[in-house]
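Any read-out appearing in this document is the output of simple, stated calculations on the displayed coordinates, not a laboratory observation. Fair warning: this is a prediction, and the values are worked out from it, not measured in the lab. Counting neighbours? That spans all protein chains shown, and the Cβs are built from the backbone with ideal geometry, glycine included.
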Amino acid sequence: MSKAGERILASIREARAFARGETNKGFRVHVPDKVDVRAIRKKLNLSRAAFALRFGFEPTAVKEWEIGRRRPNQSARVLLKVIQHEPEAVERALAVPKRTKRRQLEPARTGRGRRARKVQRTADVTFEV
């Protein structure tokens, strides 16, 4: 087999191993320089405030990204690209399925005799959302 054929087969084997999750050799992340925040938000049919709240951005940052006053940092651009292609995945990852509220119970005494001290006890109460 020719050298070109061997390189092609090696590339195919590497791609197959990568697809199976057996390796991450040769994997590179491309972070775009520009992201159209307004188009992503409009595609989801959300206001600036709702978009910011849903995905954990500051509302003023979203506004300034859209008008071009500021540029999202690298991490924000990565998250925005994921939102653009798979918004449900981000929502699932950021969702809080249950809320926990601390409830105060009656004071308890620890120690013996007169030197016993009062300790506040609390319990976690979980509410379904």
remark   = Rounded to 0.05, the calculated FRET efficiency for the beta carbons of Arg54 and Glu22 at R₀ = 41 Å is 0.70
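Tell me the chymotrypsin sites (Phe, Trp or Tyr not before Pro) within the range 1-59 that lie in a loop according to DSSP and have at most 14 other beta-carbon atoms within 10 Å.
Here the chymotrypsin sites (Phe, Trp or Tyr not before Pro) that fit, given the DSSP loop and packing criteria, are Phe27.
Counting other beta carbons within 10 Å of each Cβ, put Arg92, Arg77 in order, fewest first. Spell out each step's value before the answer.
Details: Arg92 10, Arg77 18.
Fewest-to-most Cβ neighbours within 10 Å comes out as Arg92, Arg77.
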